[in-house]
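Input: a single structure, listed below in structure tokens.
Readers should treat all values here as calculations from the given coordinates under stated rules, not as data from a laboratory. What you see is a predicted model; the values in this text were computed from it and never measured. Cβ: placed from backbone, ideal geometry, glycine included. Neighbour counts: every protein chain shown.
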Amino acid sequence: MQATAIAQPNIALIKYWGKRDVARNLPAVGSISITLRDLYTRMQVEFDATLAADELTVNDAPDQRMLPRLSACLDRVAGERRSRARITSTCNFPIAAGLASSASSFAALTMAGAAAAGRDASADELASLAGQGSGSAARSLLGGFVELANTDDDIQVRNLLGPADWPLAVVVAITQAGPKPVGSTEAMEISRETSPFYKSWIDDQPQDLDAARTAILGRDFDRLGAIAEHNCLKMHSIMWASRPPVVYWNAATMRCLQTVRHLQGDGVPVFFTIDAGPQVKAVCLPEAADRVEAALRETPGVIDIMTSGLGTGARLEDES
Ligand code: PMV
């Protein structure tokens, strides 16, 4: 009745933004991501019939904020008549700040919850269950380069390349600590309902996915960078043009983009991407990581830097 799983966050290069079914948390578009290696969330789930309610601790402190979403995820994984659970989460990076902590949390929770409940779930079932917790979570089940595709009624994830097939590095520039002002679900709905650019975003996504997939399979860094930056800026344009506008960036976010542009001007193989938060992720070839890290560290407003290679997908930890 107890299991532990570990999962890494993933960074989308072709973004998921918008839902086609809010109740089932189904994305409106496919997406492509890279799974990180050095940032992690570990989730231990212990079902205990003597507990009156689910309990959650995050990094050794009791936490109520995430509990309703985690409990609902366990209901889907183990059934609503399940015993209550003791959930113990450990995370080595800032939570809810645009660093995909929900992706690694729900991937690890789904895997640990299924194992603790003795449920022999297929890969597609795990993807569907993780995706209902957080749209991007299904991608953290797999390592390296991952594509999430919409099927008729659900989602599917598949590997495009493994982490060792094209070992890129990701330098994350933290420009602001603490949780983001608007959650991604709310912001996606504001975009869908009010942004004049939302429809063209949905219509054009298949061609961005094709371009990125081709660049990844051909290990074409410049092409991948060009389509990833374009897709990221398009996603943020939708938000900026919404009513009310959703602007996750701060002044340091913009300065980091300028740093990346300067590096590119010097011939450094690097591109940026930004998710629903103010942090900038600079993706580069491994040999450029030190230079990218140093340049971002010197950028005014950057408060911390985390560098990671690409990692494997979520996995159970042996408890013996
Ligand atoms: O999984 P969610 O609901 O936190 O949404 C994630 C959305 C983005 O991070 C902005 C893009 C993506 O594909 O990860």
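Data table
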{"read-out": "5 angstrom amide H check on Leu13, placed H, neighbours 5+ away", "value": "Ile32, Ser33, Ile34"}
{"read-out": "In degrees, nearest ten, helix 101-116 long axis to first principal axis of the chain (Cα)", "value": "30"}
{"read-out": "In degrees, nearest ten, helix 251-265 long axis to first principal axis of the chain (Cα)", "value": "60"}
{"read-out": "Förster-model FRET efficiency, 51 Å R0, Asp266 and Asp153, C-beta, rounded to 0.05", "value": "0.60"}
{"read-out": "Net lengthening on full extension, Ile202/Asp220 (0.36 nm per residue, minus Cα-Cα)", "value": "4.0 nm"}
{"read-out": "Helix 221-240 vs. the chain, principal-axis angle (Cα, 0 to 90°, nearest 10)", "value": "70"}
{"read-out": "DSSP beta bridges in the chain [antiparallel fraction, %, rounded to 5]", "value": "95"}
{"read-out": "Proximal lysines to Lys19, defined as alpha-carbon separation beneath 19 angstrom and excluding residues fewer than eight positions away on the same chain", "value": "Lys199, Lys234"}
{"read-out": "Net length gained if the chain between Asp75 and Leu51 were fully extended (0.36 nm per residue, minus Cα distance)", "value": "7.1 nm"}
{"read-out": "Cα-centred dipole magnitude for the chain, charges only on beta-carbon of K, R (+1) and D, E (-1), debye, nearest 20", "value": "560"}
{"read-out": "Per-residue ³J(HN,Hα) for the range 120-136, Karplus 6.51 cos²θ - 1.76 cosθ + 1.60, θ = phi - 60°, Hz, x for Gly and Pro", "value": "8, 7, 6, 4, 5, 5, 4, 4, 5, 5, 5, x, 6, x, 8, x, 8"}
{"read-out": "C-alpha center-to-center spacing [the range 1-49, the range 106-176] in angstrom", "value": "5"}
{"read-out": "Simple Cβ-charge dipole of the range 205-275, Lys/Arg +1 and Asp/Glu -1, about Cα centre, in debye nearest 20", "value": "180"}
{"read-out": "Amide hydrogen neighbours beyond the local backbone of Arg315, cut-off 5 Å, H modeled", "value": "Ile6"}
{"read-out": "Amide hydrogen neighbours beyond the local backbone of Leu51, cut-off 5 Å, H modeled", "value": "Arg84"}
{"read-out": "Efficiency of FRET between Asp38 and Thr194 - r from beta-carbon atoms, R0 56 angstrom, step 0.05", "value": "0.90"}
